[in-house]
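Working notes, structure below.
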Amino acid sequence: MKIAVFPLDDSEIKPLYSDPNKLRFCELFTDRMFTMVYNSSTGWQNPEIKKNSPFQLTPSTIVLHYGQEIFEGLKAFRACDGSINFFRPEENAKRFNRSAKRMCMPTVPEEDFLESIETLISLEERWVPNVRGTSLYIRPFMFATDTKLGVRASSNYIFCVILSPVGQYYPEGFNPISLFVTENLTRAVKGGIGEAKTGANYAASLLAGQEALKVGCSQVLWLDGLHHRFVEEVGAMNIFFVYKDVLVTPRLNGSILPGITRDSVLTLGKHLGFKTEEREISIDEVVKGINSGEIMEVFGSGTAASISPVGNLKYKYTDNIINNGKVGTISLKLYNFLLSLQYGEIEDPFGWIRKFKSKEFSGVA
Ligand SMILES: *Cc1c(COP(=O)(O)O)cnc(C)c1O
């Protein structure tokens, strides 16, 4: 891919954040973005890096009406030796294309997906923060840009990558969250788009999120859409239940987003001597297990927070407290292992770390 790089004026270069410890999640974005455009007769064209600036969209642009959009989320970590690590970015490239197929959108060659990110970071390297727990969040996304309002797959798309330096997810420490089990709202159903990383799933989740906040919970525990009986996900994370020496997570069933952190936890769990089970797990089993003490820990998994311990599950307006509301040792162990890998503090036995190599870039001819 031949990427055109448009130089920025000095006035367009933002001052760096002053304190990496005060960075929040995706509030600040770097100076530049990557874009390329697609047309069904010519394919992908005009890959370029330029100032992070607004898109000009006609009001009838189709994504604004019918939501044909997908995205990814991954991170670049400043390793302890000063180099930059990616964590399994090839998996994000693959998942992006699976999402694209589900949403009738064009795929992006995996090598181009990775090259767009690596070239952009070659120009934006100074934005990768250097405190353990902080990172540069990478947000690739694609949206439909036809301007006729017929309901059909668009013939034109924009693919874009933006970057945001993000702080520690738990600036006040690693605190367990409370979950609200929704009995009537549904995030996704089998045959729907729950497996795809698309904005519509997030829109569908907002109302239950508001209900959770009203009852003092920070996130929603999603049950299956058909029976509201089997556990699926927590907020926008996958979920794990820790029995004595077994890690249990819902089997990928068509409505669950196949998280890369989820897959990593399964592998890591086995490596650390746990048994792992991917199976259906009912809310009744969960409530019983928590109250009998058989379920010792519960945690969510996702790129943003890595591991997110759960301290309470509010079901039918009753609290079910997990591990006395404290962070469990196994959650902590998995969290620390993942972070040690990502920050290059330990050998990577799994081949998950991809070393960032600065890409050559030249200005526009
Ligand atoms: C992105 C996402 C996840 C987590 O996936 P990771 O690859 O681990 O970041 C889980 N559930 C939903 C709904 C998601 O969008």
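Going by the structure shown, is SER331 assigned to a helix (DSSP H, G or I), more than 30 Å from LEU8 (Cβ to Cβ) and under 20 Å from the mean Cα position of the chain (by Cα)? Write out each step before concluding.
Details: assigned to a helix (DSSP H, G or I): yes; more than 30 Å from LEU8 (Cβ to Cβ): yes; under 20 Å from the mean Cα position of the chain (by Cα): yes.
So SER331 passes the test.
Against the numbered list (1) of a type outside the set (S, T, N, Q); (2) part of a helix (DSSP H, G or I); (3) away from the ligand (no atom under 16 Å from the Cβ), TYR202 comes up short only at (3).
Just wondering, is there one or more residues in segment 177-199 that are within 11 Å of the ligand (Cβ to nearest atom), under 30 Å from CYS104 (Cβ atoms) and in contact with a Pro (Cβ under 9 Å, 6 or more places away or on another chain)?
So in segment 177-199, the residues within 11 Å of the ligand (Cβ to nearest atom) come out as 187-188, 193-199.
After this cut, where a residue has to be under 30 Å from CYS104 (Cβ atoms) as well, the list is 187-188, 193-199.
When the remaining residues are screened for being in contact with a Pro (Cβ under 9 Å, 6 or more places away or on another chain), the result is 195.
The answer is yes; a qualifying residue exists.
Residue count for segment 78-91 under the criterion of being within 21 Å of the chain's Cα centre (by Cα) and more than 14 Å from the ligand (Cβ to nearest atom): the result is 4.
If you go through segment 42-81 and pick out every residue that is under 26 Å from ARG152 (Cα atoms), assigned to a loop (DSSP other than H, G, I, E, B) and either charged (D, E, K, R) or in contact (Cβ under 8 Å) with a residue 24 or more places away in the chain (or both), you end up with 9. Scanning segment 92-118 for residues that are away from the ligand (no atom under 12 Å from the Cβ), over 11 Å from ILE138 (Cβ atoms), among the hydroxyl-bearing types (Ser, Thr, Tyr) and in contact (Cβ under 8 Å) with a residue 40 or more places away in the chain yields a total of 0.
From the list ASN291, ASN312, ASN238, ASN320, pick out the single residue that is closer than 19 Å to LEU338 by Cα and either in contact with a helix residue (DSSP H, G or I) (Cβ under 7 Å, 6 or more places away or on another chain) or outside any strand (DSSP E or B) (or both). It would help to see each step written out before you state the result.
On the way: ASN291 fails: closer than 19 Å to LEU338 by Cα; ASN312 fails: closer than 19 Å to LEU338 by Cα; ASN320 fails: closer than 19 Å to LEU338 by Cα.
After ruling out the rest, the residue left standing is ASN238.
Within the span defined as segment 343-357, every residue fails to be farther than 30 Å from THR119 by Cα and of a type in the set (Gly, Ala, Ser).
To keep it simple, each residue is scored yes or no on (1) at pLDDT 95 or above; (2) in the same structural domain as THR198 (by TED's automatic domain parsing); (3) among the aromatic types (Phe, Trp, Tyr); (4) buried (at least 16 other Cβ atoms within 10 Å of the Cβ).
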position: GLU27; (1), (2), (3), (4): no, no, no, no
position: ASN46; (1), (2), (3), (4): yes, no, no, no
position: PHE55; (1), (2), (3), (4): yes, no, yes, no
position: ILE62; (1), (2), (3), (4): yes, no, no, yes
position: TYR66; (1), (2), (3), (4): yes, no, yes, yes
position: ALA79; (1), (2), (3), (4): yes, no, no, yes
position: GLY82; (1), (2), (3), (4): yes, no, no, no
position: ASN92; (1), (2), (3), (4): yes, no, no, yes
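Note on segment 271-305: residues that are more than 19 Å from LEU223 (Cα to Cα) and either of a type in the set (Val, Ile, Thr) or not assigned by TED's automatic domain parsing to the domain that holds VAL246 (or both) total 2.
Name the residue, out of PHE350, PHE361, that is within 16 Å of the ligand (Cβ to nearest atom), part of a loop (DSSP other than H, G, I, E, B) and not assigned by TED's automatic domain parsing to the domain that holds ASP224. Talk me through it step by step, then tell me what you get.
On the way: PHE361 fails: within 16 Å of the ligand (Cβ to nearest atom).
None of the other options fit; the residue is PHE350.
Which residues, taken from segment 1-25, are touching a Pro at 6+ places or on another chain (Cβ under 9 Å) and in a loop (DSSP other than H, G, I, E, B)? If the condition is that a residue be touching a Pro at 6+ places or on another chain (Cβ under 9 Å) and in a loop (DSSP other than H, G, I, E, B), then MET1, LYS2, ILE3, LEU16, TYR17, LEU23, ARG24 are the ones that fit.
Matching residues to (1) touching a Cys at 6+ places or on another chain (Cβ under 6 Å); (2) over 18 Å from PHE350 (Cβ atoms); (3) within 11 Å of the ligand (Cβ to nearest atom); (4) in the same structural domain as VAL181 (by TED's automatic domain parsing):
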{"residue": "ASP224", "(1), (2), (3), (4)": "no, yes, no, yes"}
{"residue": "PHE230", "(1), (2), (3), (4)": "no, yes, no, yes"}
{"residue": "VAL234", "(1), (2), (3), (4)": "no, yes, yes, yes"}
{"residue": "TYR243", "(1), (2), (3), (4)": "no, yes, no, yes"}
{"residue": "VAL246", "(1), (2), (3), (4)": "no, yes, no, yes"}
{"residue": "ARG251", "(1), (2), (3), (4)": "no, yes, no, yes"}
{"residue": "ILE256", "(1), (2), (3), (4)": "no, yes, yes, yes"}
{"residue": "GLY269", "(1), (2), (3), (4)": "no, no, no, yes"}
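Here GLY289 meets each of (1) more than 16 Å from the ligand (Cβ to nearest atom); (2) over 18 Å from PHE230 (Cβ atoms) with one exception, condition (2).
Restricting attention to segment 298-316, the residues that are within 11 Å of the ligand (Cβ to nearest atom) and either under 12 Å from the mean Cα position of the chain (by Cα) or not hydroxyl-bearing (Ser, Thr, Tyr) (or both) total 8.
The values are calculated or read from the model by the stated rules, or taken from the named source; none is laboratory data. The shown structure was predicted, so the numbers you read here are calculated from the model rather than taken from an experiment. Because the Cβ atoms are built from the backbone with ideal geometry, glycine has one as well, and the counts that use them run over all protein chains shown.
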